[in-house]
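Below: the structure, in structure tokens.
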Number of protein chains: 2
Amino acid sequence: MAVKPTVSISVIRRLPRYYRFLGDLAKAGINRISSRELSERMGLTASQIRQDLNCFGGFGQQGYGYNVSSLREEIARILGLDNQLNTILIGVGNLGRAIVSHLDFGQRGFNLTAVFDNNPELCGTTIAGMTIMDPSMLEEYCSAHPTQVAILTIPRTAAEALSERLIQCGIRCFWNFSHYDFNLDYENVVVENVHLTDSLMTLGYRVNEYLRTQQTKTEE
Amino acid sequence: MAVKPTVSISVIRRLPRYYRFLGDLAKAGINRISSRELSERMGLTASQIRQDLNCFGGFGQQGYGYNVSSLREEIARILGLDNQLNTILIGVGNLGRAIVSHLDFGQRGFNLTAVFDNNPELCGTTIAGMTIMDPSMLEEYCSAHPTQVAILTIPRTAAEALSERLIQCGIRCFWNFSHYDFNLDYENVVVENVHLTDSLMTLGYRVNEYLRTQQTKTEE
DNA sequence: TAGATTGTTAATCGATTAACAATC
DNA sequence: TAGATTGTTAATCGATTAACAATC
């Protein structure tokens, strides 16, 4: 079988947004849309939308456009929203708590099965129906319950200290909120980083740049 | 004065990471580094590092490399870490709480001055030394305290409902955790989006792709 | 059929990498 | 001075946009 050429990460990162917009359209009772109209609503070019979608197949129909709900289903399939990935979360601070309680993992293709925290006061208490476990239970838990993904809502030092054990537990995929760099220490891992501090600093640069342009305008 | 050509967002987004690595090096007592060695530590090319830095000036020295602490200071200056931007946060749920308590705004160029939440049970209580206010106080607060940035840790519907008022309050820059699309409704705004759900779904795609390659390997 | 809109190829644009002269 | 490494120009690569024939 021919190896399917991998789709670029830029395209993949746009898929969730398409999925969201298509959901909104469906909710609004719209069942047909052209790439041009979708592009106007989303602030993209129609070309880009057609190129993106055609990485995965021809989902539209000439002269008609795309069927909203069937395109949405196609994207759900591409993203693997039905394939429930067994997932654990480590670090039940405010951020971990926010993630456990506000994200609907089931709807996103994940099955959150266990949460860990090394705070003895938290261990044994429950969150979203799960009993918080001590990280010393990691190995035992993972050998009994094969796990594909770990969410790390812990500080960098804790992530560094745990990384080797998580790899030993067979986990290769991480949603990483810490500033620990998995990619540098392990090959053949999948890491999606969310670096809030980096995002904040990027915002800072852009705000200062914006304020400079405003100042210049006033001076003119 | 000639208009400085704006630096591409790809470069800007790498600056916080450079800043972090340079901090680590400084902490480790290293005070000199070449682009090649830094590139190996960070998993980039030396060319890219030199190109990135030279968007802002020649900070290195031929035959020597870069001075760690002075390069770090240059990047701090470029990011505007000294220029404290007055900032408010709206939505003191778990996510807002995590952000208020775990990010060091002062060190990142921001001055968090007020927090708002429409939950009557939270209003009047304090967090990080600030008394949580009702959003009805927004206009009054902003006219008394000029504010450049708003952090939105609220659901999409709440963000939609508040957007016009925030714009009226003179705020044009947003750290947006909601799924509301500012860019589509307002021009001349700076929006840094953090879409956790999108990030999670992107991870899902990548994990499934990874699992497929592993399966193929086993079959061979 | 005529009109609309896709799928896809070609052109453009921008970002990354390579190369090397300048220079510490 | 010789060696090392930058700053910068040129080459490559990839992503976005434009164009249009295919076709519903």
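The values are calculated or read from the model by the stated rules, or taken from the named source; none is laboratory data. All values reported here derive from a predicted model rather than from experimental measurement. Reconstructed Cβ throughout: ideal geometry from the backbone, glycine too, with neighbour counts over all protein chains shown. Remember, those area values only see protein heavy atoms, side chains included, never the ligands or the DNA or RNA. Shrake-Rupley method; radii C 1.70, N 1.55, O 1.52, S 1.80 Å.
List of remarks:
- A Förster distance of 56 Å, applied to the separation of the beta-carbon atoms of B:THR125 and B:PHE59, puts the FRET efficiency at 0.75.
- Structure-based [θ]222 nm, the protein assembly as shown - -39500 (n - 2.57) summed over DSSP H runs of at least 4, per residue, nearest 500: -14500 deg cm²/dmol
- Positive dipole terminus of segment A:76-193, leading residue within A:LEU112, A:GLY170, A:MET137 (C-beta point charges): A:LEU112
- Accessible heavy-atom area order of A:GLU209, B:GLU139, highest first, probe of 1.4 Å: B:GLU139, A:GLU209
- Mean Cα-pair separation over length for segment B:85-198, i.e. relative contact order, pairs under 8 Å, 6 or more apart, %: 24
- Unmatched cysteines, chain A - criterion: no other Cβ of a Cys under 4.7 angstrom: A:CYS55, A:CYS123, A:CYS173
- Viscosity 1.306 mPa s, 10 °C: Kirkwood-radius Stokes-Einstein D of segment B:85-198 over Cα pairs, µm²/s: 113
- Shielding of B:95-103 by partner chains, average beta-carbon count, 10 Å: 5
- Bridge orientation summary for chain B: considering DSSP beta bridges with both residues in this region, about 20 percent are antiparallel.
- Net charge of neighbours whose Cβ lies under 11 Å from the Cβ of A:CYS123, counting Lys and Arg as +1 and Asp and Glu as -1: -3
- Loop-located GluC sites (Glu not before Pro) in segment B:144-203 (DSSP state other than H, G, I, E, B) with a sparse environment of at most 15 neighbouring Cβ atoms within 10 Å: B:GLU187.
- Tail fraction, Cα-Cα pairs, the protein assembly as shown, threshold 27 Å, whole percent: 60
- Over the C-alpha atoms of segment B:3-79, the Rg to Rh ratio, Rh being the Kirkwood estimate, stands at 0.93.
- About its Cα centre, the protein assembly as shown has a charge dipole of approximately 1020 debye under the convention of +1 per Lys or Arg Cβ and -1 per Asp or Glu Cβ, with nothing else charged.
- The DSSP beta bridges internal to segment B:85-198 are antiparallel in roughly 10% of cases.
- The 3J(HN,Hα) values that the Karplus relation (6.51, -1.76, 1.60; θ = phi - 60°) gives for segment A:15-28 are, in residue order, 4, x, 5, 4, 4, 5, 5, 5, x, 4, 4, 4, 4, 7 Hz. Gly and Pro appear as x.
- Inter-copy label distances at A:ARG212 (7 Å, Cα→Cβ; nm, one decimal): 4.4
- Average Cα contact separation per residue, chain B, under 8 Å, 6 or more apart, as relative contact order %: 13
- Placing +1 on each Lys and Arg Cβ and -1 on each Asp and Glu Cβ, with no other charges, gives chain B a dipole about its Cα centre of roughly 1020 debye.
- Inter-copy label distances at B:SER101 (7 Å, Cα→Cβ; nm, one decimal): 1.1
- Across the identical copies, the label point of B:ASP185 (7 Å from Cα in the Cβ direction) is separated from its matches by 4.3 nm, in order from shortest.
- Spatial separation of Cα centroids for segment A:104-173 and segment A:27-46, in angstrom: 39
- Placing +1 on each Lys and Arg Cβ and -1 on each Asp and Glu Cβ, with no other charges, gives segment A:9-78 a dipole about its Cα centre of roughly 140 debye.
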